[in-house]
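Undergrad: The structure that follows is given in the form of structure tokens.
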Amino acid sequence: MRRGIFGMFSRKSGGKIPGSKPNTTVSVFIVLVVISILMLMFSSRSFILQFKTMGMSAFSGVRGGIYELSSFVSRTVLSVKELADLRKEHADLLRQLARYEELERSNAEINQENARLRDQLGFAKTLHFRYIPAQISGRDPNNLFSAIVINKGSYSGVSANMAVIAWQNGTQALVGKVIQVGTFESLVMPVYDTSSMVACRFSILRFEGIVEGQGSRETPLLMRYIPKRARDDINIGDMIISSGMGGVIPAGINIGRVCGVSLLEYETTLEIELEPVIDFSRLEYVFLIETEKAENHD
């Protein structure tokens, strides 16, 4: 029988030896069987559902990835925008804070200025001389270490040789005298100028002398021509006042306090160092006065 079958295949294949080349009929048959199985699988509902499930899973994964990516981008963009807004708000707040601090400083300065002016006004009411209030406006550019510029001139009634005093730390004291007058400004020579000479005396001991400057507000004033016999009576801290001699500076104006005494063997008088009552580095307001009494004039 096996022989008969082989004979049949031999005849159909044109007498060729079986197995030497794949049989076309068998190949076609196998292909048809595979196609049929595949068609059955695709026609099966469970396979379709599984395929759909797989497709939906894959699509969901892709969609989730896209959503996460878009969300990340959106959050990043929003974060950048929020950061920019925060920076702008921070800059605005810093500017507002700076304005508030400036206003606070201005308010404090105004309060201090008002307090100083009230203090000066209170002092002005005690003056028995004709006076002109003035403010320090600068320094003489040709004499930076001494000459003082004030903001009142002949238009306000200022004249040469008027005494200049100030009120500081609850004490009145001599600043100097007017040496040059303009229409709206005047030049004052302070007591520490090397050309300044003021007749003075001890407020208690009453010994007289002359106060001279040494050219700088940081150096002591010098009082000369005090007799040697006064050496044992002089104490550190004694007040020196103007004597009124010469008629330029009124008598009784504070000048300085004794801070040192020099006794030179070849001199017949003492030389005394004085610390000025006025702190010229903080001087702002002054009063120009005359020796003769008169009505207040500004």
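Bear in mind that the values in this text are calculations on the coordinates, not laboratory data. Since we're looking at a predicted model, the values are computed, not measured. Heads up, the Cβs are rebuilt from the backbone with ideal geometry, glycines too, and the neighbour counts pull from every protein chain shown.
Undergrad: Starting from the Cα-Cα distance between residue 128 and residue 108, subtract it from 0.36 nm times their residue separation and give me the gain in nm to one decimal. Intermediate results must be reported in sequence, preceding the final value.
TA: Details: separation 20, 0.36 × 20 = 7.20 nm, distance 3.29 nm.
3.9 nm is the gain from fully extending residue 128 to residue 108.
Undergrad: Say each of residue 135 and residue 99 gets a label point 7 Å from the Cα, pointing the same way as Cα to Cβ; how far apart are those two points in nm?
TA: Once both label points are built, they end up 2.6 nm from each other.
Undergrad: Then there's this: Calculate the FRET efficiency for residue 284 and residue 197 from the Cβ-Cβ distance with a Förster distance of 30 Å, rounded to the nearest 0.05.
TA: On the way: r = 26 Å, r/R0 = 0.86.
Computed FRET efficiency for residue 284 and residue 197: 0.70.
Undergrad: Projected onto the charge dipole of region 131-289 (+1 at Lys/Arg Cβ, -1 at Asp/Glu Cβ, origin at the Cα centre), which of 154, 225, 138 gives the Cα projection farthest towards the positive end?
TA: Of the candidates, 154 comes out farthest on the positive side.
Undergrad: Within region 201-235, report the trypsin sites (Lys or Arg not before Pro) that DSSP leaves as loop and that have at most 13 other Cβ atoms within 10 Å. Spell out each step's value before the answer.
TA: Working: sites: 201, 206, 217, 224, 228, 229, 231; in loops: 206, 217.
Hits after loop and neighbour filter: 206.
Undergrad: Can you compute the modelled spin-label distance between residue 35 and residue 82, with each label point 7 Å from Cα toward Cβ, in nm?
TA: Placing both labels 7 Å along Cα→Cβ, they lie 6.3 nm apart.
Undergrad: Add +1 for every Lys or Arg and -1 for every Asp or Glu among the other residues with Cβ under 14 Å from the Cβ of residue 175, and state the total.
TA: +2
Undergrad: Let me ask something else about it. Using the C-alpha gyration tensor of region 221-286, what are the square roots of 5 times its eigenvalues, in whole angstrom, with the largest one first?
TA: Working: eigenvalues 117, 45, 20 Å².
So the equivalent ellipsoid measures 24, 15, 10 Å along its semi-axes.
Undergrad: Rank by packing, highest mean first: peptides 188-200, 86-98, with packing defined as the count of other Cβ atoms within 10 Å averaged across residues.
TA: Numbers: 188-200: 21.2, 86-98: 10.0.
The packing order, highest mean first, is 188-200, 86-98.
Undergrad: Suppose every Lys and Arg Cβ carries +1 and every Asp and Glu Cβ carries -1, with no other charges. What dipole size does region 131-289 come out with about its Cα centre, to the nearest 20 debye? It would help to have the intermediate numbers written out before the result.
TA: Numbers: 12 positive and 16 negative charges, 73 e Å.
It comes to approximately 360 debye.
Undergrad: Rank-order 261-272, 128-139 by packing density, defined as the average count of other C-beta atoms within 10 Å over each peptide's residues, highest first. Intermediate results must be reported in sequence, preceding the final value.
TA: Numbers: 261-272: 12.8, 128-139: 16.3.
Ranking the peptides 261-272, 128-139 by packing returns 128-139, 261-272.
Undergrad: Using 0.36 nm per residue, how much length does the chain from residue 229 to residue 269 gain when fully extended, once their Cα-Cα distance is taken away?
TA: On the way: separation 40, 0.36 × 40 = 14.40 nm, distance 0.87 nm.
Length gained, residue 229 through residue 269: 13.5 nm.
Undergrad: Starting from the Cα-Cα distance between residue 74 and residue 218, subtract it from 0.36 nm times their residue separation and give me the gain in nm to one decimal.
TA: On the way: separation 144, 0.36 × 144 = 51.84 nm, distance 6.98 nm.
Gain on stretching residue 74 to residue 218: 44.9 nm.
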